[in-house]
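Just below is one structure, and these are the notes that go with it.
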Amino acid sequence: MRAPVAAVALAAMSQSGAAAAEPVLKLGEIEDDFVRMIVCAAPLLVVGLLSLVFVLVLRAKLKAKKTGKDIGHPKIDYLAAKVKSGALAFLKEEYKYLSAYVLGWAVILIVLFTADPKKPEADDAWSDGIRSAFCMVLGAFLSGLSGFIGMTVATDGNVRTTVACASGSLNDGLRVAFTAGAAMGFGVVGLAAAGLSLVVIVMKPNRGQLETVQYTHSFGFGASSIALFARVAGGIYTKAADVGADLVGKVEAGIDEDDPHNPAVIADNVGDNVGDVAGMGADLFESYIGSIIGAATLAKESPQMLAFPLWLGAIGLIGSFIGFFFVRTKEEGNGKNTNLTALMFALEKGMYIANLIFLVLAAVLVILLFGPEEEMGWRFYGCVIVGLVAGMAIGKGTEFFTSFDYGPTISIKDRARTGPATVIIQGMGVGMVSTILPTIILVVAIVICNELGGELGEYGIALAAVGMLGTLAVSLSTDAYGPVADNAGGLAEMAGLGPEVRAKTDALDALGNTTAAMGKGFAVGSAVLTALSLLAAFKEESTHSSPLSFDVSDPILLAGCLLGAMLPFFFAALTMMSVGKAAAEMIDEVRRQFREVKNANGVTLLEAIQKATAEGKLSEEDEVEPDSDRCVMISTRSSVKEMIAPGVYAVFTPLIGGFLIGPRLVMGLLAGCIGSAAMLAIMMGNAGGAWDNSKKLCEKIGIKKTDQGKACVVGDTVGDPFKDTSGPSLDILLKLMAMVSLLIAPIIDGKKDWELWYVGAIVAFICLVVTLVLMYFGILTWQDPLGSHADSGAAADADKVMPFSDSDAAGSPVLAWEGEAASSASKGPPEDLRRAAEELNRPPTVG
């Protein structure tokens, strides 16, 4: 059945006529299959290894930069060490659980593919299970390693960025932060390139091209699993700390962001690294290999079509190498008044150079692999261009809806005059409207690529995804730069450095917020194209033995669509509620420390804050250091526990559908999930970004401590899990489900509906057991996580949680911080509020 498929693919590439010039590299004429596979994969392997060497050079360069002790501020080093130790403690705890998960799946894959090998006629067919398990473990290991590398480099880079801003120019700080981001970007792409190409080469002996590529599905499954858990756990960690720090510190206490007296501020800075660096690294590792895997699967048996996406990855890395050296600026640091457009161009010109080199070298690849006059080769090249342009356009569209230079975000700030409710309403509206532009861009890109590809339209769409992620190394460098700059500003604030230093770090941080928002929009676009290519690959892999009709009016397929459309909402709900539960524990802990933590002289943390607010500074006798380690522990424990449920349902749903019913249900499941998850991810990411920047706009114009500014802080607090937990996790959800489906496609290929129902029933039973266990341990629950505290009297009165009026809030922070001493001060609402309530409840008079 497979030979005709290859013949069709090759025939479609030759429709330009007999006069077409022959390709320079005739891969099909290489008789030795193993040598041919090495030629296809070796360029990506070599460039990937060179990228890892470049990471070592960047890391050495970063380590050589000055730290706090070199400029007479050792406190910066002390604070940075606390952030790094907290991040390492989180990763150690998270990877401990993920190791058990990976080993468990390795055993399952050994059993599945030993019982049903990919190539039953092979002499070593018994080794298919071991091969699949090895690829899965390798993908998981490299995905986790990419996050670890990014996190360690970022925590080394934040302190050096702060010092560079303190002892040098804004350009010095930009170069240091971007170097740290580049070490992560090139590390992630280098590991992905080397790992994927190594799998293709090592798995080739005694296997054809189709079977060899199928092993990459196990590799992708391992990477996708780790990416999902890393994103979810990292997102819950960072937003629990961020919400706790913002609500109690900024709204209730009125202290500045990153004030060292806020117990949650260290955990907040740790969260920037474990969520926006380690989680993002694992996420984009999976996106990068997923796009190439989709295209390689759709290449069928054509060596040219297999080599093309692999070589595109290699030349993208080469372009990124060159683009890295073009990032610099002459701007002076002037806080949020810095010319962000000029500063943004300092980063963007590196991407523009990389993209230009990528397109030039891609044209050379077309000539080498397809010939200079082969029409289909240039059509494929057009698909690559479309993908690249679509990615840049989505990023710019995201910038419009999230930057405080434009109307959507300004409108949220304006609505804050009437309170937090209208801020949230307007932000939701902005997020919903923002789905229009990226959707149109993606639709146009898909339609154009499908038309350019002709009979190979699905392969053309897959190439668009590869083109969009081709220069990921340099674009990820600009994205990872953001958390480093954010941490640098936090360290400067906590260490008490001068306003001129904060002006530079604020400028870098403002730029980082823009790049982060654009990166999230870019991630959604690449996820949709990658998932579409994986969906097409699933259709190809599940119909080798017998053709299947995937008609949208098919009740089975439609049922799958409905189920798939529901899943992103369920998944987002789980992650949102997890953040809420973890944040509640953090808020309770911060309030407790404000009223209970004391220094040797008996001064409480709350009293220290009040004195610092009144007098502007504190003496050593009045200084109180919060217990930040306890807040780090709360975030770590909550995030690792809460990551389990979303991961379980993301993996088990396609397994249950595929085995219990069949490929048609899975096809509908994936289609419904792609459409629903894409819209929800765009809405949540852009709404969260707009809320965040409306708060920063209030800071810029000097109204952050007014009621209007506090209303925007509340909106930002709501948006935090939107843009940094649920939204980014949805990108991985749709790719992970597609990868799981692709993994089991050879097993359900040729099977009738319900033929493997008993396997699906077993998987469903396991899923039910896991659900009951999660309910037993209180992970899936409606109960208040602070219920036990309330029962014991720690939060007996709602009156002691929030102030009743602006005057109360100004005179004293939250009454709950002051314990019993505050309870006698106010047993109920002020008299004017009580009279207003009575007036509202009075029955209306007639006549």
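Would you mention how many residues in region 184-199 are open to solvent by less than 10 Å² (accessible area, probe 1.4 Å) and either of a type outside the set (Gly, Ala, Ser) or under 15 Å from THR530 (Cβ atoms) (or both)?
Total satisfying the criteria: 7.
Taking GLN610 as meeting all but one of (1) open to solvent by 30 Å² or more (accessible area, probe 1.4 Å); (2) of a type outside the set (A, V, I, L, M, F, W, C); (3) not in a helix (DSSP H, G or I), write down the number of the exception.
All conditions pass for GLN610, except number (3).
Consider ILE682 against the criteria (1) closer than 29 Å to THR717 by Cα; (2) of a type in the set (A, V, I, L, M, F, W, C); (3) over 28 Å from the mean Cα position of the chain (by Cα): it satisfies all of them except one. Which criterion is unmet?
Failed condition: (3).
Can you name every residue in region 131-178 that is outside any helix (DSSP H, G or I) and open to solvent by 30 Å² or more (accessible area, probe 1.4 Å)?
SER169
Can you spot a residue in region 674-696 that is surrounded by fewer than 24 Cβ atoms within 10 Å (Cβ to Cβ) and of a type in the set (Asp, Glu)?
no
Restricted to region 68-92, and to residues that are open to solvent by 60 Å² or more (accessible area, probe 1.4 Å) and part of a helix (DSSP H, G or I), which residue is farthest from THR636 (Cα to Cα)?
Checking each candidate, the answer is ASP70.
Does region 487-508 hold any residues that are charged (D, E, K, R) and surrounded by fewer than 24 Cβ atoms within 10 Å (Cβ to Cβ), and which are they?
Correct list: GLU493, GLU500, ARG502.
Among the residues of region 756-786, how many are in a loop (DSSP other than H, G, I, E, B) and modelled with pLDDT of 90 or more?
Here the count works out to 0.
Do you know which residues across region 228-247 are out of contact with any Ser or Thr (no Cβ under 9 Å at 6 or more places or on another chain) and within 11 Å of ASP276 (Cβ to Cβ)?
none
Among the candidates LEU452, LEU456, LEU469, single out the residue that is under 25 Å from MET683 (Cα atoms), at pLDDT below 95 and not polar (S, T, N, Q).
It is LEU469.
List every residue pair whose Cβ atoms lie under 6 Å apart, where the two residues are 6 or more positions apart in sequence or sit on different chains, the first residue falls within region 387-402 and is modelled with pLDDT of 85 or more and crowded, with 24+ Cβ neighbours inside 10 Å, and the second residue, located anywhere, is assigned to a helix (DSSP H, G or I) and of a type in the set (Val, Ile, Thr).
ALA390/ILE441; ILE394/ILE441
So if I check each of VAL24, VAL5, which one is modelled with pLDDT under 90, of a type in the set (Val, Ile, Thr) and touching a Lys or Arg at 6+ places or on another chain (Cβ under 9 Å)?
Exactly one of VAL24, VAL5 is modelled with pLDDT under 90, of a type in the set (Val, Ile, Thr) and touching a Lys or Arg at 6+ places or on another chain (Cβ under 9 Å), namely VAL5.
Consider ILE236 carefully, then state whether it is among the β-branched types (Val, Ile, Thr) and open to solvent by 10 Å² or more (accessible area, probe 1.4 Å).
No: the conditions fail for ILE236.
Are any residues in region 698-712 aliphatic (A, V, I, L, M), under 16 Å from ILE424 (Cα atoms) and open to solvent by 10 Å² or more (accessible area, probe 1.4 Å), and if so, which ones?
Within region 698-712, no residue meets the criteria.
Restricting attention to region 565-584, which residues are modelled with pLDDT of 90 or more and open to solvent by 30 Å² or more (accessible area, probe 1.4 Å)?
Across region 565-584, the qualifying residues are ALA565, MET566, PHE569, PHE570, ALA573, MET576, MET577.
Within region 538-564, count every residue that is part of a helix (DSSP H, G or I) and either open to solvent by 40 Å² or more (accessible area, probe 1.4 Å) or of a type in the set (Phe, Trp, Tyr) (or both).
8
For the subset of region 93-130 comprising residues that are outside any helix (DSSP H, G or I) and among the charged types (D, E, K, R), which member is surrounded by the most Cβ atoms within 10 Å (Cβ to Cβ)?
Here the answer is LYS118.
Contact list please: Cβ distance under 8 Å, first residue in region 592-603 and closer than 11 Å to PRO626 by Cβ and buried (at least 17 other Cβ atoms within 10 Å of the Cβ), second residue at pLDDT 85 or above and of a type in the set (Asp, Glu), pairs at least six apart or on different chains.
That search, which allows pairs on different chains as well, returns GLN593/ASP627; VAL597/ASP627.
Residue pairs, Cβ under 8 Å, 6 or more apart or interchain, first in region 431-452 and in contact (Cβ under 8 Å) with a residue 24 or more places away in the chain, second of a type in the set (Phe, Trp, Tyr) and surrounded by fewer than 18 Cβ atoms within 10 Å (Cβ to Cβ). List them.
Cβ pairs passing all conditions: LEU437/PHE400.
Checking ARG591 against (1) in a helix (DSSP H, G or I); (2) on the phi > 0 side of the Ramachandran plot, which single condition isn't satisfied?
Of the numbered conditions (1) in a helix (DSSP H, G or I); (2) on the phi > 0 side of the Ramachandran plot, the odd one out for ARG591 is (2).
In region 287-314, what residues are assigned to a loop (DSSP other than H, G, I, E, B) and on the phi < 0 side of the Ramachandran plot?
Selection gives ALA299, GLU301, SER302.
Has region 42-58 got any residue that is over 20 Å from ILE318 (Cα atoms) and either at pLDDT below 95 or surrounded by fewer than 19 Cβ atoms within 10 Å (Cβ to Cβ) (or both)?
Within region 42-58, not a single residue is over 20 Å from ILE318 (Cα atoms) and either at pLDDT below 95 or surrounded by fewer than 19 Cβ atoms within 10 Å (Cβ to Cβ) (or both).
Residue-wise test of (1) closer than 30 Å to LEU356 by Cβ; (2) of a type in the set (D, E, K, R); (3) touching a residue at least 24 places away in the same chain (Cβ under 8 Å); (4) crowded, with 24+ Cβ neighbours inside 10 Å.
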site: ARG231; (1), (2), (3), (4): no, yes, yes, yes
site: LYS250; (1), (2), (3), (4): no, yes, yes, no
site: ASP256; (1), (2), (3), (4): no, yes, yes, no
site: VAL274; (1), (2), (3), (4): no, no, yes, yes
site: GLU286; (1), (2), (3), (4): yes, yes, yes, yes
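When the residues of region 718-754 are narrowed to those that are farther than 20 Å from ALA295 by Cβ and β-branched (Val, Ile, Thr), which ends up nearest to the chain's Cα centre (by Cα)?
This residue is THR725.
The values are calculated or read from the model by the stated rules, or taken from the named source; none is laboratory data. Owing to the predicted nature of the structure, the values given are computational and were not obtained by experimental measurement. Note that each Cβ is placed from the backbone with ideal geometry, even for glycine, and that neighbours are counted across all protein chains shown. The accessibility values were calculated without ligands, DNA or RNA, using every heavy atom of the protein model including side chains. Shrake-Rupley method; radii C 1.70, N 1.55, O 1.52, S 1.80 Å.
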